[in-house]
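J.: Sharing a structure below in structure tokens format, with a few things to ask.
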Amino acid sequence: TNNPKAVIVIFGATGDLANRKLYPSIYRLYRNGKLSDNFAVIGVARRPLTNEDFRNNVKASINDFDDPNIDPDEFASHFHYNPFDIQDLEHYKALESLITDLDKTYQTDGNRLFYFSMAPNFFGTLAANLKSEGLTTTEGWTRLVIEKPFGHDYDSAKELNDQIREAFNEDQIYRIDHYLGKEMVQNIEVIRFANALFEPLWNNQYISNVQITSSEVLGVEERGRYYDSAGALKDMMQNHMLQMLALIAMDPPIKLTPEEIRSEKVKVLRALRFFNEDEIENYLVRGQYDRGIVNGEELPAYREGNGVDPESNTDTFVAAKLLIDNFRWAGVPFYLRTGKRMQRKSTEIIVEFKDLPMNLYYDKDDDAQPNLLVIHIQPDEGITLHVNAKKGDYSASSTPIQLSYDNNAQDKMNTPEAYENLLFDCMRGDSTNFTHWDEVALSWQFIDIIADAWSKKKADFPNYESGTNGPKEADELLKKDGFKWWDVS
Ligand code: BG6
């Protein structure tokens, strides 16, 4: 078969991500026939587990699936555990021989996928030792998947990158941005470039503004320690939000290769207008959640959370007005907004078209309705086009109607999960939906200026109640341009 073959080595195998996302994704690939029997997973972590313990964890993580056609023990038999101390070179030798054995048993053609799913301060040592102990040299391919956060600013990202580049080439490195694995994020390009309808209008002559919102209901929960040194700007804006922006704003690639697509995305990031420190407040709004009522329950403020400084200056909300200074987009604001403890969990992109030069059907009693294209990323997946049509009565005015496509309804059972898509892509050697170093570097350079300015000046936090859509300044940001956030779903 053409299914990919590999030994997958997961560092951080007892962690939350591995249990919640990776094992279920491997299971789904297996169940959906994307993985044949030529694969093995080696779980690597500090804890002294047996294979049996490890397999029990794996089985627990896939418990929800309950697929009668798949024997969970058979699936779990592909999983092997290897207790490991990152500093101890002897352990690398043992790991090498386990990989070699499993490669023979499962006939994986010498292919190795290393997955770093653990605290990033170990990545450098780990990469260096993998190389020095010969684990990165094999007959097949060797690839590295690396989780976020990729640095906390440009300098730390560069340092991390230099360390892993000692052991892996850029084309062996797959940096995860799990938003790029989401079905509807991948759909942005298809919607844009496979329809005659949109691309001719996709520019500053016809589009008045674009809004990208990713809101969450949860607070920072148990991640206070990490989050308090990051904040929404670094946790969401630097990666997921700017990636979605790049996909919405890029020019059509000349071919569907990772290189061509990436080069168009990079051009968008290069055209982003960088703000001076004293302009920042005209373009960005930061927020931090206060107490508030969510689903009938009174919840504590961010500053009252575990691991959070009681006087924390960390943003849990950001709204930004970004400008892309190129021929296509000059003058079109891109409003991006993300935050925790907001009204609902949802990610949506809204493209608002300009009004017609003259509209005879505009009825003063109604709100004028611009055409909107809404791309629903989650939890609903689909697109909605807001258009105007004749009302069902004698009047000559128009009324807004919606044309909708609901991806969930089409294929509920089989919509692949983000991590499933990404793992499969990596095993096939397709790096399209991963972030290249150029993108990481540019986006940090852009974010650093804002983060620096914010760290110098203490904000008036908390400034929005839990369960609301952020501080009122975020609404003002659009209002002063004559726009408003559309709340459409
Ligand atoms: C992660 C952030 O990258 O994305 C989290 O670190 C955030 O803070 C999460 O909650 C959101 O992802 P999703 O897929 O639930 O929208």
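J.: Inside region 311-370, can you point out the residues that are within 16 Å of the ligand (Cβ to nearest atom), of a type in the set (Ser, Thr, Tyr) and assigned to a strand (DSSP E or B)?
T.: Let us first name the residues in region 311-370 that are within 16 Å of the ligand (Cβ to nearest atom), namely 312, 314-318, 336-349.
Right, trim to of a type in the set (Ser, Thr, Tyr) and you get 312, 314, 316, 338, 346-347.
Residues satisfying the conditions are 338, 346, 347.
J.: Can you list residue pairs whose Cβ atoms sit under 6 Å apart, with the first residue in region 214-234 being assigned to a helix (DSSP H, G or I) and the second being within 10 Å of the ligand (Cβ to nearest atom)? Count only pairs 6 or more apart in sequence or on different chains.
T.: These pairs meet every condition: 227/220; 232/316; 232/338.
J.: For region 211-228, indicate whether the set of residues that are away from the ligand (no atom under 11 Å from the Cβ), among the small types (Gly, Ala, Ser), surrounded by 14 or more Cβ atoms within 10 Å (Cβ to Cβ) and at pLDDT 95 or above is non-empty. Step through it out loud before you land on a result.
T.: Just the residues of region 211-228 that are away from the ligand (no atom under 11 Å from the Cβ), to begin with: 211-213, 222, 224-225, 228.
Okay, now just the ones that are also among the small types (Gly, Ala, Ser), so 224.
Then drop every residue that is not surrounded by 14 or more Cβ atoms within 10 Å (Cβ to Cβ), which leaves 224.
Now restrict to residues that are at pLDDT 95 or above: none.
No, because not a single residue in region 211-228 is away from the ligand (no atom under 11 Å from the Cβ), among the small types (Gly, Ala, Ser), surrounded by 14 or more Cβ atoms within 10 Å (Cβ to Cβ) and at pLDDT 95 or above.
J.: Tell me whether region 33-46 contains one or more residues that are open to solvent by 60 Å² or more (accessible area, probe 1.4 Å), free of Cβ contacts under 8 Å to residues at least 60 places away in the same chain and assigned to a helix (DSSP H, G or I). Spell out how you get there, then give the answer.
T.: Within region 33-46, the subset open to solvent by 60 Å² or more (accessible area, probe 1.4 Å) is 34, 37, 46.
From what is left, the residues that are free of Cβ contacts under 8 Å to residues at least 60 places away in the same chain are 46.
Adding the requirement that they be assigned to a helix (DSSP H, G or I) leaves none.
No, the conditions are met nowhere in region 33-46.
J.: Has region 247-260 got at least one residue that is closer than 20 Å to residue 191 by Cβ and within 16 Å of the ligand (Cβ to nearest atom)?
T.: Yes, that holds for at least one residue.
J.: Give me a count of the residues in region 97-121 that are of a type outside the set (Lys, Arg) and farther than 14 Å from residue 10 by Cβ. Steps first, answer last, please.
T.: Of region 97-121, the ones of a type outside the set (Lys, Arg) are 97-103, 105-111, 113-121.
Adding the requirement that they be farther than 14 Å from residue 10 by Cβ leaves 97, 100-101, 103, 105-111, 119-121.
The total comes to 14.
J.: Next question. Condition first: touching a strand residue (DSSP E or B) at 6+ places or on another chain (Cβ under 8 Å), more than 18 Å from residue 339 (Cβ to Cβ) and in a helix (DSSP H, G or I). Now tell me which residues in region 443-484 satisfy that.
T.: Within region 443-484, 446 is the sole residue that qualifies.
J.: What single numbered condition from (1) surrounded by 22 or more Cβ atoms within 10 Å (Cβ to Cβ); (2) within 16 Å of the ligand (Cβ to nearest atom); (3) not in a helix (DSSP H, G or I) fails to hold for residue 237?
T.: (3)
J.: On to the next question. Could you check region 158-214 and list, in sequence order, the residues that are farther than 16 Å from residue 248 by Cβ and among the aromatic types (Phe, Trp, Tyr)?
T.: 168, 174
Each row is one residue, and each column tells you yes or no for (1) open to solvent by less than 50 Å² (accessible area, probe 1.4 Å); (2) touching a helix residue (DSSP H, G or I) at 6+ places or on another chain (Cβ under 9 Å).
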position: 164; (1), (2): yes, yes
position: 170; (1), (2): yes, yes
position: 176; (1), (2): yes, yes
position: 182; (1), (2): yes, yes
position: 189; (1), (2): yes, yes
position: 195; (1), (2): no, no
position: 200; (1), (2): no, no
position: 204; (1), (2): yes, no
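J.: Name the pairs: first residue in region 464-487 and without any contact (Cβ under 8 Å) to a residue 12 or more places away in the chain, second residue buried (at least 17 other Cβ atoms within 10 Å of the Cβ) and not in a loop (DSSP other than H, G, I, E, B), Cβ to Cβ under 6 Å, at least 6 apart or on different chains?
T.: The qualifying pairs are 484/478.
J.: Something else about it: Take region 131-162 and flag every residue that is open to solvent by 50 Å² or more (accessible area, probe 1.4 Å) and of a type outside the set (Lys, Arg). Even if it seems obvious, please write down each step before you answer.
T.: We begin by selecting, within region 131-162, every residue open to solvent by 50 Å² or more (accessible area, probe 1.4 Å); these are 131-132, 137, 139, 141, 148, 152, 154-155, 158-159, 162.
If the condition is that a residue be open to solvent by 50 Å² or more (accessible area, probe 1.4 Å) and of a type outside the set (Lys, Arg), then 132, 137, 139, 141, 152, 154, 155, 159, 162 are the ones that fit.
One line per residue, one yes/no per condition, for (1) at pLDDT below 95; (2) on the phi > 0 side of the Ramachandran plot:
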| site | (1), (2) |
| --- | --- |
| 75 | no, no |
| 79 | no, no |
| 85 | no, no |
| 91 | no, no |
| 104 | no, no |
| 109 | no, yes |
| 118 | yes, no |
| 121 | yes, no |
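J.: Ok, one more. Determine which single condition residue 293 fails, assuming it passes every other condition in (1) of a type outside the set (D, E, K, R); (2) over 26 Å from residue 457 (Cβ atoms); (3) part of a helix (DSSP H, G or I).
T.: Here residue 293 meets the rest and fails (3).
J.: If you scan region 54-90, which residues turn out to be under 26 Å from residue 123 (Cβ atoms), acidic (Asp, Glu) and open to solvent by less than 60 Å² (accessible area, probe 1.4 Å)?
T.: 85, 88
J.: Starting from region 277-297, take each residue that is more than 19 Å from residue 337 (Cβ to Cβ) and open to solvent by 10 Å² or more (accessible area, probe 1.4 Å) and list its partners that are of a type in the set (S, T, N, Q) and at pLDDT 95 or above, counting only C-beta distances under 7 angstrom and pairs at least six apart or across chains.
T.: Once the first residue is more than 19 Å from residue 337 (Cβ to Cβ) and open to solvent by 10 Å² or more (accessible area, probe 1.4 Å) and sits in region 277-297, its partners that are of a type in the set (S, T, N, Q) and at pLDDT 95 or above give 291/466.
J.: For region 143-181, what are the residues that are more than 16 Å from the ligand (Cβ to nearest atom), of a type in the set (Lys, Arg) and not in a helix (DSSP H, G or I)?
T.: 143
J.: For residue 104, state whether it is basic (Lys, Arg) and exposed (fewer than 14 other Cβ atoms within 10 Å of the Cβ). So that I can check it myself, show each step before the final result.
T.: Numbers: basic (Lys, Arg): yes; exposed (fewer than 14 other Cβ atoms within 10 Å of the Cβ): yes.
Judged against the criteria, residue 104 is a match.
J.: Checking the structure you have, find out if any residue of region 389-398 is at pLDDT 95 or above and either more than 16 Å from the ligand (Cβ to nearest atom) or part of a loop (DSSP other than H, G, I, E, B) (or both).
T.: From region 389-398, those at pLDDT 95 or above are none; that's our starting set.
Looking through region 389-398, none of the residues is at pLDDT 95 or above and either more than 16 Å from the ligand (Cβ to nearest atom) or part of a loop (DSSP other than H, G, I, E, B) (or both).
The values are calculated or read from the model by the stated rules, or taken from the named source; none is laboratory data. Small disclaimer: the values here were computed from a predicted structure and weren't measured. Reconstructed Cβ throughout: ideal geometry from the backbone, glycine too, with neighbour counts over all protein chains shown. Only protein heavy atoms, including side chains, enter the accessible area calculation; ligands, DNA and RNA are left aside. Shrake-Rupley method; radii C 1.70, N 1.55, O 1.52, S 1.80 Å.
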